[in-house]
Structure formats: C-alpha cells, structure tokens
Amino acid sequence: MKIFTSPQIRKCDAFTIENEPVTSLALMERAATACAGWLSRKFSGETVYNIFCGHGNNGGDGFALARLLYHKGCDVNVFMDSAQNLSADAEINFKRTKDISGIEFSDFSKVNKFQFEKESVIIDALFGTGLNNAIEGKSAELIKVLNELKFPKISIDIPSGLFADEVSDKNSVVFKADETLSFQFWKKAFLHAETGQFCGKINILDIGLSSEFIENEISDSFVIDEGLVREIYRPRQEFSHKGNFGKTVIAAGSSGKMGAAVLATQAALKTGSGLTFSLAPQCGYEILQTTCPEAMFLKCGQDFITSFEVDQDVILGIGPGLGTERETYNALLAFLKACDKTLVLDADALNVIAENTDHVNLIPKKSILTPHPKEFERLFGTTENSFERLNLAKDKAKQLEIYIVLKDHHTQIATPEGKVFYNLTGNSGMAKGGSGDVLLGILTSLLAQNYSVKEAALFGVWLHGKAGDFAAENHSKEAMIPSDLIAELGNVFKYLNSSQ
Ligand SMILES: NC(=O)C1=CN([C@@H]2O[C@H](COP(=O)(O)OP(=O)(O)OC[C@H]3O[C@@H](n4cnc5c(N)ncnc54)[C@H](OP(=O)(O)O)[C@@H]3O)[C@@H](O)[C@H]2O)[C@@H](O)CC1
Ligand SMILES: Nc1ncnc2c1ncn2[C@@H]1O[C@H](COP(=O)(O)OP(=O)(O)O)[C@@H](O)[C@H]1O
Ligand SMILES: [K+]
C-alpha cells in the first residue's frame, strides 16, 4: 500500500471530489461515519464521548461525528473555541449539530472544571493534516490538560500536534492517543519512533477515495501489507525435490557465540531451504550437529572463522556471532574483495565493513544489509532522527545498489531504486538478543529458494515479524524468546496456505 504525503492526500481528496460524485462535505460525512462505526463497535453503550473540535476540517469531522454518535443513541459533549472562525465544511457541520438539544457544547476554557463522567472517552479532532506549525497558546494548554486525563483517548486522522511526514520539534505539544483513526492511508508519522509514540494503535478506515488517483499517483514509500506478501509467497510445488529449494550457507559463530549460528541455521531450515550448511569454527561442531542435525557442517577455523570460501552455487548469509578476531575480519575482507554474488550481511560482518569508509564499496551489488540503528550509524554516520536516518539509507541503497534493512519497530527496507517499504508485523517481545540472527537465517534461505532480492527482503522481514506476533500471542512479549520465532515459522506458513 502506498504512503502519501500531506500534500498528496490533499490532492487525492480534491481529485475524488472533482472526478467522483461526491462533495467535500459528503467526504467528511463518510469519514465521520467510519469513525462513528468504529467507536460504537469498540466502546459500550454507556460511553460518554467528549469531542474536542478545532476550526479546520479535522474539527469538521468532530462535529459530524458528534451528531452521528448522538443519533446512534450515545451521550456526547462537544468542546470548541467559540472565538475562532470555522472552515466552510466545519461550519456546516457545526450548524447541523449545535441545535441538537441533547448535545452539550462547551468552550475549551471550561475543560478544567468539567465533570467528566466515569465512562468518558476523549476524542481529539483539533488539528489534522492541515497543521503548519507547532501548536501554541490556548490549544497547547488544552492538549496538556487532556493528556493528563485518565480516560481512553482517540485521535481523528492524526494526533494533534504531529505532522504527517516529518518529525516534530522535541518540545512541541502533542496529543497522546491510545488509538488513532486515520483515513485511507498510512502516514509516515505513524511508523517512526519519535512520532509513532503519540499515535497508539493505528486503525486505517476506508473512506472510498479515488482508486484511479491512488493507482496513478507516484510514491516512493509503501507499507508491506498482507496482499503484497501473498503476491510474493510461492507455495511449494508437489513435484519437486531438495534441489529446487537452493543451498543456504550460514557463516556464523565463534567460541562463546555459537548460539547465534544455531538460531540463524535453524531459521534457514524452517524457512524451507533445500540444503542448509553451517560454516563455523570447529568449536561449534558438536553444538551445531546436535541442535541442527538437518544442516551440514563446514569447518573453517578452530575457535573463530578463518575463511569464507564456499561453492559458487550457494547463497551465503554472514555475520551473527562472528566475533572480533583480526583473522576473521581479514578473511572476510579478502572474501568480499573477490565476491560479486548477492550476500546477506549482518552483525559483525557489518562491523568489519564499518571499520573503514572505503569498505562499503566491497559490498557486492544487490546484497542485503540488516543493520540495527547502531550498526547503521557505524556504517554510514550519525543522523538527527529516524526520518533523516531513513533518507540516508535511501541514498546509500541507491548509491551502492544494495538493499538496506533498517531494523526497527517498523523495519524499513530501502531499495536500490530509491523505494522504501515499512514493515507492519513484529512487536517489542522481539527486542532481545538473537532476534536479528533469526532474520538473517530467514532472508538467506529465501534467497536460496530463488526469491528475488527485493522479494526476499520484503517477505523475510514480514515473516520474521509475523512469527514474532504469533510467539507473543502464545507466550507473551516478555516470555517469548528468539527460538520461539523459529518455532512459529511453521504456523506463519500454515496461515499463508490456509487463507489464500
Ligand atoms: N484528506 C481527506 O481524505 C479527508 C480529510 N478530512 C479531514 O480534514 C483534515 C484536514 O483539514 P484541514 O486542511 O482543514 O486542516 P486541519 O488540520 O483540520 O486544520 C488546520 C487549521 O488550523 C490552522 N492551523 C494550522 N497550524 C496551526 C497552528 N500551529 N496553530 C493554530 N492554527 C493552525 C490552519 O489555518 P491556516 O494557518 O492554514 O490558515 C487550518 O485552518 C484531515 O486531517 C481530516 O481530519 C476529512 O474531513 C475528509 C477526508
Ligand atoms: N520493538 C520492536 N518491535 C518490532 N520488532 C522489533 C522490536 N525490537 C526489535 N525488533 C526486531 O528484532 C530484531 C532485532 O535484531 P538485532 O537488534 O540485530 O538483535 P540481535 O543482533 O541481538 O539478534 C530486528 O529484526 C528488529 O526489527
Ligand atoms: K486530530
């Protein structure tokens, strides 16, 4: 699914109004109807909705929502700034709502003394995508008060104070939502840590904006939705044999870090690789042969890896637990100098490359790099925030013709064509040492099975997160461990096969 910027969303809005039989007012009604439906499914009939309306169209959504909820039999209070002029559509919806005697209207200034009912919900319809500056004055004071209230908080379209496409100033006042009801599209602000922390759970509501516009408008940012994953996923053919599913080699591990090699190798096996090998030092022989009996052992060194030489017909994933021995580093640099095949590079392999700025030029084109934020910084330098980090990743992916998988809550994949794909699966239960090793195994296995590099990156990151979500469901975010991700891979494939 494409991600649009605020100006593109406005264009989409205008195109829909111009080319489809719908007025801007009717579009507002659709938006409010979608919100009213969502809220009445979510909350009980006893709920009292306290709707805070700004003077733009976000406020217009709020006035319309107040009327629709009231007509569903709900209790509704509306708060507004009576001194402000309203936008045209907000004015019409204000007029349609103000004469309903059952709805109480109050000025923002009354909020401090207002007796909120026990079953209250706070609805933020103050500012939407039209915000053009940090919120100050009365509105800022209001938001500070609302943020202190201990009731469920819902933002309409975007939490007030956030910009859709960029980071807001650290000190700016932002409404802190438990859930955000947004229209039609994901916004970048929902997907980055600095801004996403204000959004709570995101719910994208379809309001029927022009599919013609959505198809034709160019965007370089996408979310990986399940439809895209299903297009990529290829169920196994029954008339097939192990030779059809590639050879995966996981180069990982050193004395004291063999667990990383085990996790990556097991993940490669459970993702469907035809033949799987662990390239590891002798100290890991018994460990790997016992924990991964299906994988073959390629000995390269005693306590750490001293050579990365492999056959030409394999796909190689390098990095987890390699350690920091000079000999391993030199062997990897020598190998990279001679290699022109796609690789998956993670962890210590990235640290080797980060040692010298020229080393990035040794990365074979079309390789996948999977840095976490610190590794990314070591490789490519520091940035002010995650939006800028992503821009730098986009530049580097284009310049070096590689795929950069920026690991995060919503992992971002930057492609050589300058596109960015945000992942939506995964959870904080995965924030544990070893999760990244599992990802390397999955990605390498998919490449070996002949998925294109882009497909492997998108599908692999989604699979990894989905396995994490299943693990959290079964074990809790606290108790789940990276091994559980591997165990859940089977259920993710079953899920893909059963709901085709
Ligand atoms: N697109 C869609 O698909 C649909 C969109 N819809 C809804 O419309 C919303 C966008 O509405 P919008 O453009 O009227 O902007 P919104 O955020 O309500 O108001 C901004 C107002 O505040 C002002 N202002 C700006 N910054 C300020 C500041 N710092 N401090 C103080 N004032 C500030 C600014 O005035 P200006 O400075 O521009 O004169 C403007 O008057 C969108 O989020 C969604 O909810 C749905 O109804 C239908 C489908
Ligand atoms: N809060 C989170 N939400 C979703 N995914 C997460 C979260 N924290 C970590 N992850 C995922 O877990 C993995 C952690 O990788 P990494 O930091 O390399 O760990 P390690 O190297 O210790 O295995 C990444 O794929 C990352 O996206
Ligand atoms: K809002």
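The values are calculated or read from the model by the stated rules, or taken from the named source; none is laboratory data. Not measured: the values here are computed from a predicted model. Here the Cβ positions follow ideal geometry from the backbone for every residue, glycine too, while neighbour counts run over all protein chains shown. Quick note on the areas: whole protein, heavy atoms, side chains included, nothing else; ligands and nucleic acids left out. Shrake-Rupley method; radii C 1.70, N 1.55, O 1.52, S 1.80 Å.
A few comments on the model shown:
- Residues that are open to solvent by 10 Å² or more (accessible area, probe 1.4 Å), over 15 Å from the mean Cα position of the chain (by Cα) and more than 10 Å from ligand 2 (Cβ to nearest atom) within the range 425-469 comprise LEU447, ALA448, GLN449, ASN450, TYR451, SER452, VAL453, LYS454, GLU455, listed in sequence order.
- Entirely in the range 354-454, the strands (runs of 3 or more DSSP E) that have 2 or more residues that are closer than 24 Å to PHE245 by Cβ: 403-406
- Pair list, Cβ < 6 Å and 6+ apart or interchain, from the range 1-26 residues that are in contact (Cβ under 8 Å) with a residue 60 or more places away in the chain to residues that are within 9 Å of ligand 1 (Cβ to nearest atom) and assigned to a helix (DSSP H, G or I): SER24/ASP89; LEU25/ASP89
- Where a residue in the range 447-460 is more than 16 Å from GLU417 (Cβ to Cβ) and its partner, wherever it lies, is of a type in the set (Gly, Ala, Ser) and surrounded by fewer than 20 Cβ atoms within 10 Å (Cβ to Cβ), with Cβ under 8 Å and at least six apart: ALA448/GLY274; GLN449/GLY272; GLN449/GLY274
- Conditions (1) open to solvent by 20 Å² or more (accessible area, probe 1.4 Å); (2) within 10 Å of ligand 2 (Cβ to nearest atom); (3) in contact (Cβ under 8 Å) with a residue 40 or more places away in the chain; (4) not polar (S, T, N, Q): number failed by LYS407: (3)
- Some residue of the range 133-141 being open to solvent by less than 50 Å² (accessible area, probe 1.4 Å), in a loop (DSSP other than H, G, I, E, B) and more than 16 Å from ligand 2 (Cβ to nearest atom): yes
- Count of residues meeting criterion [without any contact (Cβ under 8 Å) to a residue 40 or more places away in the chain, within 16 Å of ligand 3 (Cβ to nearest atom) and of a type in the set (Lys, Arg)] in the range 180-239: 1
- Cβ separations smaller than 8 Å between residues 6+ apart or across chains give the following pairs from the range 56-83 residues that are within 21 Å of ASN112 (Cβ to Cβ) to residues that are part of a helix (DSSP H, G or I) and charged (D, E, K, R): PHE79/LYS110; ASP81/LYS138.
- Screening the candidates ILE232, ILE224, ILE202 for the property of being within 16 Å of ligand 1 (Cβ to nearest atom), of a type outside the set (D, E, K, R) and modelled with pLDDT of 95 or more yields one hit, ILE202.
- Residue under evaluation ILE154, criteria (1) crowded, with 21+ Cβ neighbours inside 10 Å; (2) over 27 Å from the mean Cα position of the chain (by Cα), criterion not met: (2)
- Selection status of PHE308, open to solvent by less than 40 Å² (accessible area, probe 1.4 Å) and not in a loop (DSSP other than H, G, I, E, B): no
- Annotation note: Cβ proximity below 6 Å between a residue of the range 324-340 that is part of a loop (DSSP other than H, G, I, E, B) and a residue that is modelled with pLDDT of 95 or more (sequence gap 6+ or interchain) occurs for GLU325/PHE304; CYS339/PRO364; ASP340/PRO364.
- Strands (runs of 3 or more DSSP E) within the range 161-256 that include 1 or more residues surrounded by 17 or more Cβ atoms within 10 Å (Cβ to Cβ) and small (Gly, Ala, Ser): 179-183, 221-224, 247-251
- When each of ALA338, ALA295, ALA331 is tested for being modelled with pLDDT of 95 or more, more than 21 Å from PHE245 (Cβ to Cβ) and in contact with a Ser or Thr (Cβ under 7 Å, 6 or more places away or on another chain), the lone residue that passes is ALA331.
- Residue count, the range 336-377 (criterion: among the basic types (Lys, Arg) and over 20 Å from VAL310 (Cα atoms)): 1
Here's the yes/no breakdown for (1) among the charged types (D, E, K, R); (2) more than 24 Å from PHE213 (Cβ to Cβ); (3) more than 9 Å from ligand 1 (Cβ to nearest atom):
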residue	(1), (2), (3)
GLU20	yes, no, yes
GLU29	yes, no, no
ALA32	no, no, no
SER40	no, yes, yes
GLU91	yes, yes, yes
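- Of all residue pairs spaced 6 or more apart or on separate chains, none has beta-carbon atoms under 8 Å together with a first member in the range 410-437 that is within 16 Å of ligand 3 (Cβ to nearest atom) and aliphatic (A, V, I, L, M) and a second member that is modelled with pLDDT under 95 and open to solvent by 30 Å² or more (accessible area, probe 1.4 Å).
- For the range 113-132, the candidate set comprises residues that are within 11 Å of ligand 3 (Cβ to nearest atom) and among the small types (Gly, Ala, Ser); within that set, the residue that is surrounded by the most Cβ atoms within 10 Å (Cβ to Cβ) is ALA125.
- For the range 371-381, the set of residues classified as open to solvent by 40 Å² or more (accessible area, probe 1.4 Å) and in contact with a helix residue (DSSP H, G or I) (Cβ under 9 Å, 6 or more places away or on another chain) consists of HIS372, PRO373, GLU377, ARG378, listed by residue number.
- Any pair with Cβ under 9 angstrom, 6 or more apart, that starts in the range 361-389 at a residue that is of a type in the set (Asp, Glu) and ends at one that is more than 13 Å from ligand 2 (Cβ to nearest atom): GLU375/ALA354; GLU377/ALA354; GLU377/THR383; GLU377/ARG389; GLU384/VAL167; GLU388/VAL167
- In this entry, GLY418 passes the filter for residues that are open to solvent by less than 20 Å² (accessible area, probe 1.4 Å) and at positive phi.
- All of LYS110, LYS98 fail the test of being open to solvent by 40 Å² or more (accessible area, probe 1.4 Å) and either under 15 Å from LEU65 (Cβ atoms) or within 16 Å of ligand 2 (Cβ to nearest atom) (or both), apart from LYS98.
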